[in-house]
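J.: Take this structure first; my questions come after.
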Amino acid sequence: MSRRGKFITFEGLDGTGKSTQMRKLAAVLREAGHKVVETREPGGTATGERIRRVALDSGTSGLTPLAEMALMFASRAQHIAEVIEPGLAAGAIVLCDRFTDSTEAYQGNGRRLGSDAVRELHRVLCGNLQPDLTILMDSNPQASLNRARRRNQRVSKSSGRSHDENRFEQETRSFFGRVREGYLAIAKREPGRVVIVDARGTPAQTHQKIVEVVSGKLALAGLARRVHHAR
Ligand code: TMP
């Protein structure tokens, strides 16, 4: 039986470049010989992707904050059972674009449902599964949001889809201010797990920082050499 793998999550405001950085890290880990699973939330399973449509589409009107939180956890419970736990059991490094810290930052802080509710639901619905490492990408909130809005408009126009992923981007500046505060509070509470990475540099600079963090925090074969080479 293979050794249990590692669970690494990427977090941050919309538009901080999480997905790009996750792809780059996945490539480096694969080159170093690791088995890697790349996935995301909400989504990551057929059911989760359907939940994602409902939760992110700007056409979804009148969704209450509690229902929104329940959707995020429904997607996550399915995702853990179908993808994350089997990946870890098979010895893979599971890279996940957002996890429960997103719910704590967006629904707990942004929607003001509170951290306790999120953490309790995480215990009940997710078996309290904790990432081995969380990369929190921190950047200028307004610049990140503008970037996310431009990207989503581009995708909506070019795909010709009847749905979009713009519902959160329509939130106010103060909402995203609370989300960012929520993230920083989590990082302060759990400094052993959550590492803040300054995402204001070029993608290559940010990638280098992330490889250093992963290499420093997790004993992964073949990665230290990569840090050296990239310098
Ligand atoms: P993204 O896939 O582009 O990062 O977008 C996902 C959106 O969903 C983003 O605006 C954050 C939001 N979200 C929550 O509000 N709570 C959650 O638990 C998760 C996973 C995402």
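J.: Checking the conditions here, which among R167, R178, R150 is open to solvent by 60 Å² or more (accessible area, probe 1.4 Å) and farther than 30 Å from K35 by Cα? Talk me through it step by step, then tell me what you get.
T.: Details: R167 fails: open to solvent by 60 Å² or more (accessible area, probe 1.4 Å); R178 fails: open to solvent by 60 Å² or more (accessible area, probe 1.4 Å).
Within the list R167, R178, R150, the selection yields R150.
J.: Considering region 188-198 alone, what residues qualify as being open to solvent by 40 Å² or more (accessible area, probe 1.4 Å) and not acidic (D, E)?
T.: K188, R189, P191, G192, I196
J.: If you don't mind, another one. Would it be correct to say that A32 is in contact with a Pro (Cβ under 6 Å, 6 or more places away or on another chain) and within 27 Å of A199 (Cα to Cα)?
T.: No: the conditions fail for A32.
J.: While we're on this one: Hey, G222 hits all of (1) farther than 22 Å from S61 by Cα; (2) open to solvent by 60 Å² or more (accessible area, probe 1.4 Å) but one; which does it fall short on?
T.: Here G222 meets the rest and fails (2).
J.: So which residues in region 9-27 are open to solvent by less than 30 Å² (accessible area, probe 1.4 Å), of a type in the set (V, I, T) and out of contact with any Cys (no Cβ under 7 Å at 6 or more places or on another chain)?
T.: T16
J.: Quick one: what pairs do we get from region 44-56, first residue closer than 18 Å to D14 by Cβ, second within 12 Å of the ligand (Cβ to nearest atom) and open to solvent by 60 Å² or more (accessible area, probe 1.4 Å), C-beta under 9 Å, 6+ apart or different chains?
T.: Note: pairs meeting the criteria are R52/R40.
J.: Also: Report the residue count in region 63-110 for those that are out of contact with any helix residue (DSSP H, G or I) (no Cβ under 9 Å at 6 or more places or on another chain) and at positive phi.
T.: 1
J.: Across region 100-118, which residue is surrounded by the most Cβ atoms within 10 Å (Cβ to Cβ) among those that are small (G, A, S) and more than 26 Å from V213 (Cβ to Cβ)? Write out each step before concluding.
T.: So in region 100-118, the residues small (G, A, S) come out as 102, 105, 108, 110, 114-115, 117.
Still in the list and also more than 26 Å from V213 (Cβ to Cβ): 114, 117.
Working: G114: 13, A117: 15.
Once the filter is applied, the top-ranked residue is A117.
J.: Restricting to region 28-54, count the residues that are open to solvent by less than 50 Å² (accessible area, probe 1.4 Å), of a type in the set (A, V, I, L, M), more than 11 Å from the ligand (Cβ to nearest atom) and out of contact with any Gly (no Cβ under 6 Å at 6 or more places or on another chain).
T.: 3
J.: Restricted to region 199-217, and to residues that are farther than 20 Å from R180 by Cα, out of contact with any Leu (no Cβ under 9 Å at 6 or more places or on another chain) and part of a helix (DSSP H, G or I), which residue is most open to solvent (accessible area, probe 1.4 Å)?
T.: Ranking the candidates gives Q205 first.
J.: For A74, indicate whether it is farther than 23 Å from R147 by Cα, open to solvent by 40 Å² or more (accessible area, probe 1.4 Å) and under 18 Å from the mean Cα position of the chain (by Cα).
T.: Yes: the conditions hold for A74.
J.: Mind listing whichever residues of region 175-197 are more than 16 Å from N140 (Cβ to Cβ), over 16 Å from the mean Cα position of the chain (by Cα) and either of a type in the set (G, A, S) or not in a helix (DSSP H, G or I) (or both)?
T.: Answer for region 175-197, where residues must be more than 16 Å from N140 (Cβ to Cβ), over 16 Å from the mean Cα position of the chain (by Cα) and either of a type in the set (G, A, S) or not in a helix (DSSP H, G or I) (or both): A185, E190, P191, G192.
J.: If you don't mind, there's one more thing I want to ask. Quick one: would you say G160 is closer than 30 Å to G62 by Cβ and modelled with pLDDT of 95 or more?
T.: Values: closer than 30 Å to G62 by Cβ: yes; modelled with pLDDT of 95 or more: no.
Judged against the criteria, G160 is not a match.
J.: List the number of the failed condition for S58; all other conditions in (1) at pLDDT below 95; (2) within 20 Å of V194 (Cα to Cα) hold.
T.: (2)
J.: If only one of L129, L145, L121, L125 is surrounded by fewer than 19 Cβ atoms within 10 Å (Cβ to Cβ), among the hydrophobic types (A, V, I, L, M, F, W, C) and assigned to a helix (DSSP H, G or I), which one is it?
T.: Criteria check complete, one pass: L125.
J.: Moving on. Filtering region 152-171 down to residues that are part of a helix (DSSP H, G or I), among the polar types (S, T, N, Q) and touching a residue at least 12 places away in the same chain (Cβ under 8 Å), which residue is nearest to R111 (Cα to Cα)?
T.: In this case the residue turns out to be Q170.
The values are calculated or read from the model by the stated rules, or taken from the named source; none is laboratory data. Bear in mind that the values here come from a model prediction, so they are computed numbers and not experimental data. In this analysis, Cβ positions are derived from the backbone assuming ideal geometry, glycine residues included, and neighbour counts consider all displayed protein chains. For the accessible areas, the whole protein counts, side chains as well, though only heavy atoms, and no ligand, DNA or RNA atoms are used. Shrake-Rupley method; radii C 1.70, N 1.55, O 1.52, S 1.80 Å.
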